[in-house]
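Enquirer: Got a structure here, written out as structure tokens. Questions coming.
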Amino acid sequence: MQRLLKEIRHNPLLWLLAFVPVVFAAQKLKPEAHTLLFVLSVLAIVPLAALLSHATESVAAKTGDAVGGLLNATLGNLTELVIALTALGAGQYMLVKASIAGAIVTNTLFMLGASFLLGGLKHHEQEYNRISARLQASLLFLATIAMLIPSVISQADSVTAEAFTRKLSVGLAVLLILAYALGTLFSLKTHRELFASTKHDEAGETTWPIGLALATLAAATVLVALVSEVFVESVQKAAEAFGMTPAFVGFIVVALVGGAAEMASAFSGARKNRLDLSVGIALGSASQIALFVAPVLVLVSYFIGPTPMDLQFWPGAVVMILIATLTATLVTNNGRSAWFVGVLVLMVYLTFAMTLYLLPPKG
Amino acid sequence: MQRLLKEIRHNPLLWLLAFVPVVFAAQKLKPEAHTLLFVLSVLAIVPLAALLSHATESVAAKTGDAVGGLLNATLGNLTELVIALTALGAGQYMLVKASIAGAIVTNTLFMLGASFLLGGLKHHEQEYNRISARLQASLLFLATIAMLIPSVISQADSVTAEAFTRKLSVGLAVLLILAYALGTLFSLKTHRELFASTKHDEAGETTWPIGLALATLAAATVLVALVSEVFVESVQKAAEAFGMTPAFVGFIVVALVGGAAEMASAFSGARKNRLDLSVGIALGSASQIALFVAPVLVLVSYFIGPTPMDLQFWPGAVVMILIATLTATLVTNNGRSAWFVGVLVLMVYLTFAMTLYLLPPKG
Amino acid sequence: MQRLLKEIRHNPLLWLLAFVPVVFAAQKLKPEAHTLLFVLSVLAIVPLAALLSHATESVAAKTGDAVGGLLNATLGNLTELVIALTALGAGQYMLVKASIAGAIVTNTLFMLGASFLLGGLKHHEQEYNRISARLQASLLFLATIAMLIPSVISQADSVTAEAFTRKLSVGLAVLLILAYALGTLFSLKTHRELFASTKHDEAGETTWPIGLALATLAAATVLVALVSEVFVESVQKAAEAFGMTPAFVGFIVVALVGGAAEMASAFSGARKNRLDLSVGIALGSASQIALFVAPVLVLVSYFIGPTPMDLQFWPGAVVMILIATLTATLVTNNGRSAWFVGVLVLMVYLTFAMTLYLLPPKG
């Protein structure tokens, strides 16, 4: 605990933690000040993400980057799961689907691209475990393909039968969760050596003891989740004030803020020339959303939502997810990276963001 | 011959060969008992496939895995060609196209995925000739792309002119057969060393003399073809009794049973840690359907069918073929495999099967 | 200059240079003889392309293949830029877009495929710098994806708002040019060593002094541009006389003749077992069209055209560009090539050409 306080005292970014209680206070006192709540919640998420990042790295230092990456991805996606569950309870299915699609696209394009760019600006050329990255990219590709098949087939064949889509979504959800369980068995048990990353020496780095690291990890995740809820409640109204379309908010803003914690870890890994950690977080997190978060939401929708939710995405989202995962697969094929690869991946992301920002609202 | 009988006596699976005459007898005596004929024909195909598998491996042991793989793929696809020709003669073009598309998808997803899974359950990690696999995957990708171009372009541009589609299909069929001939020249003559697989020592394996192996190969293939015909005649009626849609029958059931012989070889290769053989059969067979079986059917339709057949597939089939070949390309990129890769490839296949099973029939 | 004349005397192909003044004379004397002008201009472009090829190789010999390849791609695309600007001034937006799409498809499929085939017929198996090729293929893929996103998203979501498309196209054009500038910085400055190719010894080759080479390069490029204009003016009318559709002309004929100079260099590199040069020209040139030529045309259309041009391609063109870049990415993944790879890549190109040739004209 003393160590944590010392860490906070030496890291000015963590001083922003002061905004965490401010958000909750503001929400109690001024629940209608959406733009204020939006800004405050973003300011509160940033230091929590930084804290989470350091704690995850401490755990990763003890357990190896791959397990640390998986741990990080799980906890990071807990945030997204909580956000989506809130929206599900309110029956906002479009927002839930936009945030699923947006999280996959943001993780594979923005997180990966910015990691390559930030790492590449510091290191001339970066190498990472190619075999592990290829495997994770293949898993991501197959996971998103499986998640998208109902959307793709019914669009291609113009099927609109609702009963068909719903039955298919439930069957698929069960399949995806089964694959997720088997995947966890694979990466943590039978083939964990494949996910081990290249060795790094980090003499100067101070790591926390495992107990403190785990406690901080848990606490910071819970706080991120709570603040994220304030953020979600305020974001739609605040977005209107800033002139953003609903598609842009769900796809870009929610995904960026919801993934802030993971991004901080991924970027910090890239700067420290540990691209294995960055690639592991980005691809692992995107896979987990397709294989775990999305099907859980479908199954849970039978209990908490006003009506069951299916797994059918709108055509533009399908295209963006496919392009994003294909890009990630091609780009991580090498096991090498340089700054310009990051620039191009980010450019694809920027083009998506620009398209969604300009897209005229339907109806 | 004695050796063959000894083999049959020691392998309980081959006792099922008794069903081969039973199928023909039942067909004569009870031509209307579709469900019975369906079950009997499946029971008869299984041992024939096993026999074919052992004979092919004996030939492969003498000629190298690549030539053995090619041989196997050719004979395996003879079965599919015979089935498709029967359907063509009856003017059932949808069934012909569904079985072409289904054979490509089943070979690339089910055969490859199950090989990876079965091999991976026995061997911790399997390596295979990466250069050969990549080359075959590239050929498969290009072959299916060429086969699909008329479907894709006319869908994209909403062209429905029948004269255009028919002229294009004939021109394309000629191009594809030319490419097939050149490809055979390439893999068997000018660059055969590229298709040679990594060496394996198989001390305990008893192989047949080349004469017996070739004779068994030929006889078993003919019997498979004959039994397959009974199967095709009964499958539609039997499928209705089991509640399957026509799309599911053409795409999944016909393809699985039609490819049973090749699958037995591929799976047996995977168990024996000879993944080169499995990958060669799966990708080679799928390429051969696109480059040889499909164009031959188009050209033959001008002589035996009631009206010429074109090469235009329905949109859902195009999407599934593209996803299947892209998956095969990505997954064989490594030259390595483990059980979970097989699980994910099979999951994509299962999702296709589930979608087709639930798809409401048109009209 | 003497050296240039000596070169011309010894190379019968260069005697065709005599057609260059003939084209200009014929254009003055018989401006209505479209078929004649078409044939003459093609005859004049061929020797200019050959001259350009030799000059580029001389420069490449002094500067390394990668820089030579980039130089070549820039000058080759100047031709295409001049052609497109002429069409833009006349308000022929369909022709401009067809020539952009056609240039990308022709460079990635025809130029690459024919290089592999021509090189493979002479050399049993060719190796080239895999890391550089993969990087260039990734850049090409991302560049074309970024260029196509507005087309894909608006098709998928059936958006037809013109204001949206126009705003998006301008924003995208700025992004693409920024990426182009950063890419040039990357390949010529910060990471030029990645683009260096494997060493080759070429004892027998006579190279020109750098001054003569550069002067010839510049002069030949200008002449190609001038003759190309005659070609473009005559091609539409001549095409009708030969029974070609407008889609075929824009996509195939303009692209083949416009890229003749680069193709001569790429093919000559392939024959000399310098596939790095060929792959560099083909992929670099296609990237440059997506990142530089296309956005410049959009921005310039605000000044010289009758009305601004957007970056929306028709669905068939989108599909062909995506297939072409995906094919290039898969095929260059290896760093190895043999003749049959070239055959299959050319087959995809031939299928496109055949489809466009047979496509019934709209309206």
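Values in this text are rule-based calculations from the coordinates and carry no lab data. Predicted model only: the values in this text are computed from it and were never measured. Neighbour counts run over all protein chains shown; Cβ positions are idealised from the backbone, glycine included.
Enquirer: For the charge dipole of region A:1-58, defined by +1 on Lys and Arg C-beta atoms and -1 on Asp and Glu C-beta atoms about the Cα centroid, which residue among A:35, A:47, A:21 has the Cα displaced farthest towards the positive pole?
Expert: In region A:1-58, that residue is A:21.
Enquirer: Given a cut-off of under 8 Å on Cα pairs at least six residues apart, what relative contact order in percent is computed for region A:220-324?
Expert: Here the relative contact order equals 11 percent.
Enquirer: Of the listed pairs A:62/B:272; A:122/A:237; A:167/A:189; C:6/C:237; B:30/B:272; A:167/B:97, which have alpha-carbon separations greater than 30 Å here?
Expert: Going by Cα-Cα distance, A:62/B:272; A:122/A:237; A:167/A:189; C:6/C:237; B:30/B:272 fall outside the 30 Å limit.
Enquirer: Any idea what the residue B:162 label distances to the other copies are, label 7 Å down the Cα→Cβ vector, nm, shortest first?
Expert: In ascending order, 3.8, 3.8 nm.
Enquirer: Report the label-to-label distance for residue A:121 and residue A:29 in nanometres (one decimal), using points 7 Å from each Cα along the Cα→Cβ vector.
Expert: Going from the residue A:121 label point to the residue A:29 one covers 3.6 nm.
Enquirer: Determine how many Å³ per residue the convex hull of the Cα atoms of chain C encloses.
Expert: That works out to 140 Å³ per residue.
Enquirer: I've got another one for you. Assuming R0 = 22 Å, can you tell me the calculated FRET efficiency for the pair residue A:303 and residue A:163, based on Cβ-Cβ distance, to the nearest 0.05?
Expert: Once the sixth-power term is evaluated, E becomes 0.65.
Enquirer: Return the average number of partner chain Cβ atoms within 10 angstrom of each residue Cβ along peptide B:95-105.
Expert: 0
Enquirer: Could you grab the relative contact order for chain A? Cα pairs under 8 Å, six or more apart, rounded to a whole percent.
Expert: 40 percent
Enquirer: What's the longest bit of chain A with no exposed GluC sites (Glu not before Pro), using DSSP loop states and at most 11 other Cβ atoms within 10 Å as the test?
Expert: The longest uninterrupted stretch comes out as A:33-204.
Enquirer: Also: Sum -39500 (n - 2.57) across every DSSP H segment of at least 4 residues in the protein assembly as shown, then divide by the residue count to get the 222 nm mean residue ellipticity, nearest 500.
Expert: -24500 deg cm²/dmol
Enquirer: Nothing charged except the Cβ atoms of Lys and Arg (+1) and of Asp and Glu (-1): what's the magnitude of the dipole of chain A about its Cα centre? Round to the nearest 20 debye.
Expert: Using Cβ point charges on Lys, Arg, Asp and Glu, chain A gives about 260 debye.
Enquirer: Using Cα-only point scatterers and the Debye equation, what is log10 of I(q)/I(0) for region A:256-363 at each q in 0.11, 0.14, 0.20 Å⁻¹, rounded to two decimals?
Expert: Debye intensities relative to I(0), on a log10 scale: -0.47, -0.74, -1.27.
Enquirer: Nearest beta-carbon of A to the rotation axis carrying it onto C: which residue, how many whole Å?
Expert: Of all Cβ atoms in chain A, the one nearest the axis gives A:333, 4.
Enquirer: Hey, for residue A:211 with labels 7 Å out along Cα-Cβ, what do the inter-copy distances come to in nm, ordered shortest first?
Expert: Computed spacing set for this position: 8.1, 8.1 nm.
Enquirer: Which value, in Å to one decimal place, does the Kirkwood hydrodynamic radius take for the protein assembly as shown when every pair of different Cα atoms is included?
Expert: 31.0 Å
Enquirer: For residue A:188, which inter-copy label distances result when the label point lies 7 Å beyond Cα on the Cα-to-Cβ vector, reported in nm to one decimal and in ascending order?
Expert: 5.2, 5.2
Enquirer: Longest exposed-loop-site-free stretch of chain C, with trypsin sites (Lys or Arg not before Pro), DSSP loop and at most 15 other Cβ within 10 Å?
Expert: Counting only loop sites that pass the neighbour cut-off, the longest clear stretch is C:1-198.
Enquirer: Just tell me how shielded B:350-358 is by partners: mean number of partner chain Cβ atoms within 10 Å of each residue's Cβ, no decimals.
Expert: Mean shielding count: 6.
Enquirer: Another one. Cα centroid distance between region B:308-356 and region C:97-124, in Å?
Expert: So the two Cα centres are separated by 28 Å.
Enquirer: Please report, in Å, the Rg and the Dmax of region C:238-278, where both are computed over Cα atoms only.
Expert: 14.1, 40
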